[in-house]
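Okay, structure first, notes after.
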Amino acid sequence: ASKRAVEFAEATFVRRNLDKGYALLADKARSYVPMEKFNEKVTTMHPNGHPGKVTAVKAVAVPGERIVSVSLRGEGSAGAFDYAVTLVGTAATDYRVTTFAGGRSS
């Protein structure tokens with residue numbers, strides 16, 4: 001799950017490839033979040049720049065659910081960034097992003 005969260009964050013927040021980031025969302029998330037809203041949220045999260053790299057800090061599985069919450073830390077010339085990415089799935093079926101939040105922390 002951490003690997004998928006980092007892949008999503010690198011595509012979306014570091015390289016600003018919003019099409020790829022959107023494609024990494026779970027089907028259900030894409031069904032109720034149009035591309036325009038996705039772009040708007042990412043832009044709002046980064047008013048003063050983007051991280052140069054992102055690493056996973058911790059991953060916590062929700063007991064009894066196929067959900068994992070991953071905390072990410074971004075670093076770059078624009079400062080430090082903290083993100084929370086929630087993924088659904090299993091190691092066998094792979095993970096897909098359902099929600100994300102955060103942005104610049106310092």
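The values are calculated or read from the model by the stated rules, or taken from the named source; none is laboratory data. Predicted model only: the values in this text are computed from it and were never measured. Cβ coordinates were reconstructed from backbone atoms using ideal geometry, including for glycine residues, and neighbour counts include every protein chain displayed. Note: accessible area is taken over every heavy atom of the protein model, side chains too, but ligands, DNA and RNA are not part of it. Shrake-Rupley method; radii C 1.70, N 1.55, O 1.52, S 1.80 Å.
General remarks:
- For the chain, the longest principal axis of the Cα atoms and the long axis of helix 35-45 meet at an angle of about 50 degrees.
- Think of it as helices only: each DSSP H run of n ≥ 4 in the chain is worth -39500 (n - 2.57), and spread over all residues that comes to -7500 deg cm²/dmol at 222 nm.
- GluC sites (Glu not before Pro) within the chain, DSSP loop, no more than 15 other Cβ atoms inside 10 Å: E65
- The residues of the chain present an accessible area of 55 Å² per residue when probed at 1.4 Å with all protein chains retained.
- For the chain, the carbon plus sulfur part of the accessible surface works out to 53%, probe radius 1.4 Å.
- Contour minus Cα-Cα distance for D94 and D19 (0.36 nm per residue): 25.0 nm
- Relative contact order of the chain, defined on C-alpha pairs under 8 angstrom at six or more residues apart (%): 28 percent
- Put simply, the Cα atoms of the chain extend 38, 29, 17 Å along their principal axes, the longest span coming first.
- Rg to Rh, two decimals, where the stretch 24-80 supplies the alpha carbon set and Rh follows Kirkwood: 1.04
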